[in-house]
Amino acid sequence: MNGKAIFNYPAWFIGWALLCLLSGISLGIWFMTPMGGDLSLLVSHVHVNLFGWVTLTLYGLIHNAFPDLAHRRLARCQFVCAVLGGICLPLGFGLSRELPFHKLVIGLGAASGAIAALLFAVMFAGLLNDRNPTLIKTGTPR
């Protein structure tokens, strides 16, 4: 670690995840209203909860457990791709009735999410190759 300030990935991942959770809960409540009875946004609801809330939370928790991930060159790109996927995928499914380019938005979200997962796997594999990855809980090298 070179003393530079590191972007707080766990907090930002979990912050975005909480926004997705609130969006998913809002959609779920909306389904129970007379206007939301047709369940046309069910796929968006599922994606904002699973990709947005669950996946972004897991990234945040794992980044918290392995703080050395923040020092990886790919960390910022992985964060941007994950958040972009968490926004675009549910948004694209939600726009499917309204806009002709909804498949482009869905594709952007899916590709961003896949790239984020690949980058995360590469970063984590690199961490496993390090001699002493650190854990926040113990504060000592393994």
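Bear in mind these aren't lab numbers, they're just calculated from the coordinates by the rules spelled out. All values derive from a computational prediction rather than experimental measurement. Don't worry about glycine lacking a Cβ; one is built from the backbone with ideal geometry, like all the others, and counts go over all protein chains shown.
A few notes on this one:
- Look at the dipole of region 9-129 built from charges on Cβ: of GLY52, ALA116, PRO90, the Cα furthest out on the positive end belongs to ALA116.
- Solvent-free Debye calculation, one equal scatterer per alpha-carbon of region 9-129: log10 I(q)/I(0) at 0.21 Å⁻¹ equals -1.07.
- Simple Cβ-charge dipole of the chain, Lys/Arg +1 and Asp/Glu -1, about Cα centre, in debye nearest 20: 480
- For region 7-46, the C-alpha radius of gyration divided by 2.2 N^0.38 Å, with N the number of residues, is 1.48.
- Look at the alpha carbon pairs under 8 Å that are at least 6 residues apart: their mean separation over the length of the chain gives a relative contact order of 25 percent.
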